[in-house]
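Student: Take this structure first; my questions come after.
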Amino acid sequence: MSSPYDNPKAVVRRTRKYGRAVFAREDIRKGETIAVFDGPVLDDDFEPWTDDLRNHTIQVGPTEWRDSKGFARYLNHSCDPNCGIKNRNRVVAMRPIQAGEEITWDYEMTEKNDWWKMKCRCGSDLCRKQIGNYRNMPRKIREKYKGYISDWLTGPSKAKSRPPASKRSKSKS
């Protein structure tokens, strides 16, 4: 599985802690695109949702989700990430990333619904213990991430998010 948006300075590896993860194989500059959720847009009426889709799509609108054709789907969550989201689906380095470092982003940068949450196992000193809805993100963290949160969350929103019935058990890892 690959995408033309996958940064060649990054590679997917297996970890003992939580399966696949993406690591920098060489230094990455702040602002570089790491990967893009570039798969088809799925709406809340899409069928059939699979466990794989539930675990790897991101929310890109009130009732829309998107997967990746590349390794964006294997980027893990951290409460102290080195990447953020530009536009609605582009994962970008928020700071320089050193070779060998795991590439992570905060899943609350894209999600806004009342039915998805995840027990966090990131291990950061800043760990919030439970991840889910953007509304739960502390204001101080939102300020820290300014410019790196999905546009659909930070812009004017007129529609409410409603879960697809088959997506309610979603858990990212």
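Just so you know, all these numbers are worked out from the coordinates, no wet-lab data involved. Computed from a prediction, not measured in an experiment: that's the story for all the values here. Cβ coordinates were reconstructed from backbone atoms using ideal geometry, including for glycine residues, and neighbour counts include every protein chain displayed.
Student: Can you work out the FRET efficiency for the pair ASN87 and MET1, with r the C-beta to C-beta distance and R0 = 25 Å, to the nearest 0.05?
Tutor: 0.70
Student: Computed from the coordinates I sent, Cα extents along the principal axes in Å equals one of (1) 85, 34, 29; (2) 51, 33, 29; (3) 41, 36, 28. Tell me the label.
Tutor: Checking each listed value against the structure points to (3).
Student: At 222 nm, what helix-only mean residue ellipticity would the chain give, in deg cm²/dmol to the nearest 500, using -39500 (n - 2.57) for each DSSP H run of four or more?
Tutor: -2000 deg cm²/dmol
Student: Show me 136-143, 101-108, 77-84 ranked by packing, highest mean number of other Cβ atoms within 10 Å first. Numbers along the way, then the final one.
Tutor: Details: 136-143: 12.5, 101-108: 22.9, 77-84: 21.0.
Descending mean neighbour count gives 101-108, 77-84, 136-143.
Student: Out of residues 5 or more away from THR104 or on other chains, whose amide H comes under 5 Å of its own, with H placed 1.01 Å from N in the peptide plane?
Tutor: Those lying under 5 Å, H to H, from THR104 are ASN82, CYS83.
Student: Now for a different question. What full-extension length gain, to one decimal in nm, is calculated for GLN98 and ARG139 as 0.36 nm per residue of separation minus the Cα-Cα distance?
Tutor: Full extension of this stretch gives 12.0 nm more.
Student: A further question on this structure: In whole percent, what relative contact order does the chain give with Cα contacts below 8 Å and a gap of six or more residues?
Tutor: Once normalised by length, the contact order is 26 percent.
Student: Taking the chain as a Gaussian network, Cα atoms linked when under 10 Å apart, which of SER68, SER124, SER150 shows the biggest mean-square fluctuation?
Tutor: SER124
Student: Multiplying the sequence separation of LYS119 and ASP27 by 0.36 nm and subtracting their Cα-Cα distance, what value in nm do you get?
Tutor: Working: separation 92, 0.36 × 92 = 33.12 nm, distance 3.02 nm.
The span from LYS119 to ASP27 would gain 30.1 nm if fully extended.
Student: At a Förster radius of 22 Å, what calculated FRET efficiency corresponds to the Cβ-Cβ distance of ARG16 and CYS127, to the nearest 0.05?
Tutor: Details: r = 19 Å, r/R0 = 0.85.
Efficiency for this residue pair is about 0.70.
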